[in-house]
Amino acid sequence: MPDHKDLAAQIAWAARALRAPAITATWQDLAHTARQAGWSHEAYLAAVLARQVADREANGVRIRMAGAHFPAIKTLEDFNVDHQPALRRDVLAHLAGCAFVPAAGNVVLLGPPGVGKTHLAIALGIKAIHAGHSVLFDTATGWITRLATAHATGHLPAELKRLRRYRLLIIDEVGYIPFDAEAANLFFQLVSHRYEQGSLLVTSNMPFGRWGEIFGDDVVAAAMIDRLVHHAEVITLTGDSYRTRTRRDLLAGDPTAITRTTSTN
Ligand code: ADP
Ligand code: MG
């Protein structure tokens, strides 16, 4: 039998080779607990491995959250569904399960400003990250800039390919600024490239019927919508802006509005 020091060195070496630092950090304490509690060898091994798995998952979430470039942290738990009575709870719960991501399905959130499109987009993105998927968020303008830069240097195909490593791309605010022909073409290429390959989550203040105005061309818009919605959940949010609701309530003399002012922006 090797002595304890040899074993400790051997475990440290093996954990390094496996890139499993949580094993190094926890095996001794867990061994102590195991001896005291009379765990079987199997129970001890399972406990050590579980710590390592938990550590890796937490790291993965941290890394993917940093890489997603969300403009703010908005969660589904913080989303007040009572403000969206028409929004189907079962549809939202289904989306929160993120089955659409491995299936390369899309989500489209439509509705006027302030109804929570960006909030929901980020919240679903965070769910996807916790489900183990990598996500990248940007505004439509940001995406166009990124693609135009790649295109200008002849790297558009490479950039589109690189984006494949993100299982979910979020394109926020389609329609706030109309696209010129070049931008519309780049956007079309992005949507085509993702079709049945990777998920898109798109938000827009414009109903599909007006996407021709965004892209300056009804045919291009129709072709894009066709690909986007073929495997998609399209949700239309309605109602008043959540941003101005507190101000409205204050004007209407609702005293509870003041406490809410601090929790919304
Ligand atoms: P949109 O993208 O549709 O213009 P946002 O998602 O930016 O709207 O929402 C505006 C603000 O109101 C954000 O701070 C958001 O967190 C908040 N908000 C909107 N709808 C809700 C809601 N139903 N529950 C909680 N917060 C909401
Ligand atoms: Mg928004």
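Every read-out reported here was derived from the displayed coordinates using simple, explicitly stated rules and does not represent laboratory data. What you see is a predicted model; the values in this text were computed from it and never measured. When we count neighbours, we look across all protein chains shown, and the Cβ atoms used for this are built from the backbone with ideal geometry, even at glycine.
With the Cα gyration tensor of the range 4-67 giving a ≥ b ≥ c as the square roots of its eigenvalues, does the rule (a/c under 1.5 for rounded; else a/b larger than b/c for prolate; else oblate) give rounded, prolate or oblate? Don't jump to the answer; show the numbers that get you there.
Values: a/c = 3.10, a/b = 1.62, b/c = 1.92.
Oblate.
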Along the Cα→Cβ direction, 7 angstrom out, place labels at A43 and R56. What is the inter-label distance in nm?
2.5 nm
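With r as the distance between the Cβ atoms of A222 and A99 and R0 = 25 Å, compute the FRET efficiency 1/(1 + (r/R0)^6) and round to 0.05. Please list the in-between numbers first.
Values: r = 28 Å, r/R0 = 1.12.
Efficiency for this residue pair is about 0.35.
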For I170, residues with placed amide H under 5 Å, excluding near neighbours
L136, F137, D138, L201
Lys and Arg at +1, Asp and Glu at -1: add these up for the other residues within a Cβ distance under 13 Å of H231 and post the number.
-1
Could you tell me how far the Cα centroid of the range 50-111 sits from the Cα centroid of the range 197-245, in Å?
19 Å
Report, in order of residue number, the helices in the chain meeting two criteria: a C-alpha extent of 27 Å or more along the helix axis, and a mean Kyte-Doolittle hydropathy of at least -1.0; treat each whole DSSP H run as one helix.
41-68
Run the dipole for the range 69-250 about the Cα centre, Lys and Arg Cβ at +1, Asp and Glu Cβ at -1, nothing else charged, and hand back the magnitude in debye, nearest 20.
480 debye
For the chain, calculate the relative contact order in percent as a whole number, restricting contacts to Cα pairs under 8 Å that are 6 or more residues apart.
22 percent
Rounded to the nearest 5, what % of the DSSP beta bridges within the range 107-229 are antiparallel ones?
0 percent
What number does the range 1-152 give for Rg over Rh if you use C-alpha atoms and the Kirkwood radius?
1.16
At R0 = 30 Å, FRET efficiency that the Cβ-Cβ distance of E196 and T244 yields, to 0.05:
0.15
Please name which of T203, G111, V91 has its Cα lying farthest along the dipole of the range 69-250 towards the positive end, using unit charges on Cβ (Lys, Arg +1; Asp, Glu -1) and the Cα centre as origin.
V91
Can you list the lysines whose alpha carbon sits under 30 Å from that of K117, skipping same-chain ones fewer than 8 residues off?
K74, K127, K161
Among rounded, prolate and oblate, which fits the chain when a ≥ b ≥ c are the square roots of the eigenvalues of its C-alpha gyration tensor, a/c under 1.5 means rounded, and a/b larger than b/c means prolate?
oblate
